[in-house]
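Student: The structure follows.
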Amino acid sequence: MFEPVWKMGEIRNQVAVIDGLVAPTIVLQNARYLHSVFRDWRFGNIWIAGDRIVYVGAEMPKNITNTEIVDVAGKTIVPGYIEPHVHPHQLYNPISFAKYAMKTGTSVMLCDNLVLFLSLPNKKAFSILDSWKKLPTQFYWWVRFDSQSQLEHESEVFSMEAVLEWIERPDVLMGGELTGWPQLMAGDDQMLYWIQAAKLKGKKIEAHLPGASEKTLAKMRLFGANGDHEAMTVDEVEARINQGYAVTLRHSSIRPDLPELLKGIMERQWNIFHHLMMTTDGSTSTFYEDGIMDKCIRVALEAGVSPVDAYNMASYNVAKYYGVSNIHGMVGTGRFATLNILEDEFHPTPQAVMAKGQWMYRDGEEVYDWPETDMAQLGQLNIDFALTEEDFQFSMPFGIELVNNVITKPYSVNLHLNKGSVVQNEDECYLMLLDKYGHWRVNTFIKGFVGNVEGFASSYSTTGDIILIGKDIQAMKQAFERLKQLNGGIVLIEQGEVVHEIPLTVAGCMYDGTMEQLIEVERTLIHVLEQRGFSKGDPVYSLLFLQSTHLPYIRITPKGLYDVMKKKILMPAIMR
């Protein structure tokens, strides 16, 4: 369905500014700005009427009644940055992330819909998304085609009607990311139908193909994949370009690959920067202490990429690829007045930020009063059941071993159990996945997460169900009870006391506070887990991916322990 950005009366008013009948609201005078198409730096005056740029050139407006004129001589102006691959629920929530991103110049985001899709009926989710259109951050969305795990009633959750309703939305620009592509390759025509339906509506299809062979890349391109963000080496970048993919280079908390990828591209002297984008791929909060897309641009500049290419990869290239360059990604007439004012092109963190014609930050100070956003509308985790001794029956002959942050393998369990505890000098703990509604549980062991944790509970997971880990059953129960009191969170219990906790009161998986606050509590979580033997780097991602069946090798899912390679349930969930 077509959805005009500006009404006819607004457009008439904008045109009247050119004729001098109406005064612009803001003029940026003596601007040095990036022209993304000419690919150079130009000089002129930028007229803004409301939220839109109405003229860029040498002229000054005839009518400047009540116009704010800002002389930006000596500064450099670039388009607001675009983050094309956001998971807006990595403990933070979409609004807290948007506010934090704005001050670093990232004002347009293309976001994963998975948590909204799993947590809310479409009507409620769409109402929330529509209300966010009034915010200065421009939110766009993906539509997921699979859960990234093994749900008991996945076909009912990802129904034809529900997915097609998301595809119909004009603010949905992408189908994917296709973590469930093996299903497609194995003959899943429903997924292929959704891909075709999305492409008919002008959406791009984002693949998820880490380590894929050349033939797999070719097959997925034929199925309809347009882009991929999983290249981990420069050879993998080349393979994707060869097969006709748009490539998004990743720089994230678990895959900070951007410096090496850019180094390889520069060494091979490939003239492909017009075809590349960049993403932080839903990093955890501590990774963002020194920026978001400005951080990626900084990495590109340090790698020797030209400033024009570095900025285009984080703005114009994204807008053009996703079909929104008519309103984003360029300092040009007709676009949103979403601009970053820099010291110069070698310092990508802005001194001032404007979004949709409103000043957000000036001289390092926030000057915009964000409207109150009720995060409770995203839902709350209300657990109304208790755990019993029967729930803590662990007799599995094998468990899950963490190889690194996200990769697992099975291992043979050989433990001596004593009064509900695992031997303390072993790198092993009990592991339980518990249905948030209390209908089922999956019990096994985990090796390599931590060496000495008595009781640990998390409602942050791929499916929103409860993860319990620990060496002591009573402490695990206590952690669960505390999580219930918080209505969601991450809790560490030791000797009957809370060592650390992070309340996740928004849908049971997101923090209802600022990014700055989250960074501090997440840093403490990492510290206390490292003190107890965690050595994999990012425990938040380890928790998230315990259920994720797009990664090898063995996962704990709502259906039970699942062998990703053999595509079968090794041990089914137990009904409570």
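The values are calculated or read from the model by the stated rules, or taken from the named source; none is laboratory data. All of these numbers come straight from a predicted model, not from anything done at the bench. Cβ sites come from the backbone with ideal geometry, for glycine too, and all protein chains shown count toward neighbours. Just so you know, the surface numbers come from the protein's heavy atoms only, side chains and all, with ligands and any DNA or RNA stripped out. Shrake-Rupley method; radii C 1.70, N 1.55, O 1.52, S 1.80 Å.
Student: If you roll a 1.4 angstrom probe over the protein chains with everything in place, what fraction of the accessible area of the range 191-270 belongs to carbon and sulfur, to the nearest %?
Tutor: Reported share for carbon and sulfur atoms: 49 percent.
Student: If R₀ is 56 angstrom, what is the calculated FRET efficiency for the pair Ser306 and Asp384, using the beta carbon separation as r and rounding to 0.05?
Tutor: 0.45
Student: Here is a further query. Compute the whole-percent fraction of alpha carbon pairs in the range 348-462 spaced more than 22 Å apart.
Tutor: Beyond 22 Å sits 56 percent of the P(r) for the range 348-462.
Student: Per residue, how many Å² of accessible area does the range 96-231 show with a 1.4 Å probe?
Tutor: Per-residue accessible area for the range 96-231 comes out at 36 Å².
Student: Can I ask one more? Which loop-located chymotrypsin sites (Phe, Trp or Tyr not before Pro) does the range 354-446 contain, where loop means any DSSP state but H, G, I, E or B and the Cβ has at most 15 other Cβ atoms within 10 Å?
Tutor: Passing both the DSSP loop test and the Cβ count: Phe385, Tyr437.
Student: Could you sort the peptides 210-216, 260-266 by per-residue average Cβ neighbour count (10 Å cutoff), highest mean leading?
Tutor: Ranked by mean Cβ neighbours within 10 Å, highest first: 260-266, 210-216.
Student: Obtain the nm distance between the two label points defined at His347 and Lys219 by a simple spin-label model: each point lies 7 Å from its Cα along the Cα-to-C-beta direction.
Tutor: Going from the His347 label point to the Lys219 one covers 5.2 nm.
Student: For the range 454-559, what does the accessible surface come to per residue with a 1.4 Å probe? Please give it in Å².
Tutor: Value for the range 454-559: 30 Å² per residue.
Student: Once Rh is set to the Kirkwood radius over Cα pairs, what Stokes-Einstein translational diffusion coefficient, in µm²/s, holds for the range 455-566 at a temperature of 20 °C and a viscosity of 1.002 mPa s?
Tutor: For the chosen part, D equals 147 µm²/s.
Student: Could you tell me what percent of the DSSP beta bridges with both partners in the range 1-91 are antiparallel, to the nearest 5?
Tutor: Of those bridges, close to 70 percent are antiparallel.
Student: Could you tell me the center-to-center distance, by alpha carbons, between the range 20-43 and the range 440-468 in angstrom?
Tutor: 54 Å
Student: Keeping the other protein chains in place, figure out the carbon and sulfur percent of the accessible area of the range 523-576, with a 1.4 Å probe.
Tutor: Carbon with sulfur: 56 percent of the solvent-accessible area.
Student: May I ask you to give the solvent-accessible area per residue for the range 41-82, in square angstrom, as obtained with a 1.4 angstrom probe?
Tutor: 46 Å²
Student: Per the helix-only calculation at 222 nm, which mean residue ellipticity applies to the chain, given -39500 (n - 2.57) for every DSSP H run of n ≥ 4 and division by its residues, nearest 500 deg cm²/dmol?
Tutor: About -8000 deg cm²/dmol.
Student: Let me ask something else about it. Along the Cα-to-Cβ line of Phe38, 7 Å from the Cα, sits a label point; which residues in the range 293-323 have backbone N less than 15 Å from it?
Tutor: Residues 308 fall inside that zone.
Student: At 1.4 Å probe size, with the rest of the protein present, what percent of the exposed accessible area of the range 26-173 is carbon and sulfur atoms?
Tutor: Using a 1.4 Å probe with all protein chains present, the range 26-173 comes out at 52 percent carbon and sulfur.
Student: Follow-up question, since we're still on this one. Looking at (1) 54; (2) 47; (3) 50, which value of percent of Cα pairs over 31 Å apart comes from a calculation on the structure shown?
Tutor: Read-out taken from this structure: (3).
Student: Moving on to the next point. I want the antiparallel fraction of DSSP beta bridges within the chain, as a percent rounded to 5.
Tutor: So the antiparallel bridges amount to about 70 percent of the total.
Student: Could you tell me the distance between the Cα centroids of the range 71-119 and the range 321-346, to the nearest Å?
Tutor: Rounded to whole Å, the Cα centres lie 14 Å apart.
Student: Using the structure shown, list the pairs from Lys62/Lys99; Lys75/Lys199; Lys124/Lys559; Lys62/Lys356; Lys123/Lys199; Lys123/Lys566 with a Cα-Cα distance above 29 Å, or answer none.
Tutor: Lys62/Lys99; Lys75/Lys199; Lys123/Lys566
Student: What is the distance in Å between the Cα centroid of the range 130-185 and that of the range 475-527?
Tutor: 28 Å
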